[in-house]
Amino acid sequence: MNFDKINNYRKLADEYMINALKAPIPALSGMYDAMLYSVKNGGKRVRPVLAMMFCEASGGNPESAVPLACAVEFVHTYSLIHDDLPCMDNDDYRRGKLSNHKVFGEANAVLAGDGLLTAAFSLISDGAEKGLYSSGRAVAAVKALSSYAGASGMVGGQFIDLAGEGEKLPKEKLELMDRLKTGALIASACVLGCIAANADDKKIKAAEDFAYNLGIAFQIRDDILDVTGNTKTLGKLTGSDSENEKSTYVSLYGLEKCEELVNKLTDRAIAALAEFENGGDLKDFALYLSKREK
Ligand code: GRG
């Protein structure tokens, strides 16, 4: 796999996000510190890398997708901050470091998430103002991101997750929850990358198809790692799913079948790339994610 390219995409996203989070007045420096803490806290940047790769695979310049890629990562980061709160998953650690509310307090962690969610949409408009894509493409990106991330997407998935706590979810409900909670934001990254390149509807549909298959494979891999993973590599304690009596793919199918499912879904994601002339890096990235250890 082309790690140099991936690391370059990660670097482009990191620089752009940090630059976008400068406190405009000293009175707000504490607010921006709380947002920056989680943005700089060691995420893998899977979603920004996917956005830039889809832009490139659609014939665009991946650098033109950077604001959209970062918008998705801001939404992802806000969701993790809110997910860790005591009223949700109540996690003291994220990526091996104290979670946002443990450092800044609960109220400030809520605000840091709110700040990142709204900043995501200003990044989209900034990209159009800088001439990286047209205003029409910015409108399409706002429409896609708000739909994938909102109540009918990621937020809805979290709702199903919280409503089903302590219950054994049937297969259909687990699939719906993960499609929304994990798949929808991955879909936003892939689709926004296509939007930056002005891709046609066929490519956008194929990107979404890739993303939902990859997203479920990603979630199953997450469930596997919660059982078999290394605490140090993952930056969190393993076994939390069974401790919290969460319904997961591993509890439903067992480890061996889950490994098979990851491979099958990854193959389906790769098949969707036939729509792109230049999908080789995406294929390698999907295979790499299917074997990830963190
Ligand atoms: C609070 C609205 C709201 C939503 C929360 C993201 C989420 C929904 C919950 C977090 C818990 C979880 C396991 C979600 C599934 C998606 C997932 C596997 C997130 C982790 O993504 P990575 O591995 O994270 O890309 P890094 O740390 O690399 O950024």
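Of the accessible area of the range 34-187, with the probe set at 1.4 angstrom, what percent is carbon plus sulfur?
The nonpolar share, carbon plus sulfur, comes to 55 percent.
Hey, could you grab the Kirkwood Rh for the chain? Inverse mean 1/r over distinct alpha carbon pairs, Å, one decimal.
19.2
State log₁₀ I(q)/I(0) for the range 194-294 at q = 0.13, 0.22 Å⁻¹ as given by the Debye formula over alpha-carbon point scatterers of equal weight, solvent excluded.
-0.52, -1.05
So which residue, out of 217, 274, 144, gets the largest mean-square fluctuation from a GNM of the chain using Cα contacts under 10 Å as springs?
The residue with the greatest mean-square fluctuation here is 274.
As a test of understanding, state the convex hull volume per residue of the range 11-154 from its alpha carbons, in Å³.
109
When the Cα atoms of the range 32-94 are enclosed in a convex hull and the volume is divided per residue, what value in Å³ results?
With only Cα atoms used, the range 32-94 gives 86 Å³ per residue.
Find how much the distance from residue 162 to residue 106 grows on full extension, using 0.36 nm per residue of separation minus their present alpha carbon separation; answer in nm with one decimal.
Between residue 162 and residue 106, full extension yields an extra 18.3 nm.
What residues from the range 212-229 fall in the zone where the backbone N is under 18 Å from a label point 7 Å along the Cα-to-C-beta line of residue 147?
Zone members listed by number: 212-213.
To check my understanding: the extent here is largest minus smallest coordinate of the Cα atoms along each principal axis. What are those three numbers for the range 115-183, in Å, largest first?
On the principal axes, the range 115-183 reaches 50, 23, 13 Å in Cα extent.
What whole-number distance in Å separates the alpha-carbon centres of the range 87-136 and the range 17-62?
Centre-to-centre distance over Cα atoms comes out at 9 Å.
Where the Cα atoms of the range 142-267 are projected onto their three principal axes, how long is each span, largest first, in whole Å?
45, 29, 28
Using the Cα atoms as the points, what is the convex hull volume per residue of the range 149-213 in Å³?
71
The values are calculated or read from the model by the stated rules, or taken from the named source; none is laboratory data. Everything numeric in this text was worked out from a predicted model, so none of it was measured. Every residue, glycine among them, receives a Cβ derived from its backbone with ideal geometry; neighbour counts consider all protein chains shown. Heavy atoms of the whole protein, side chains included, go into the accessibility calculation; ligands, DNA and RNA do not. Shrake-Rupley method; radii C 1.70, N 1.55, O 1.52, S 1.80 Å.
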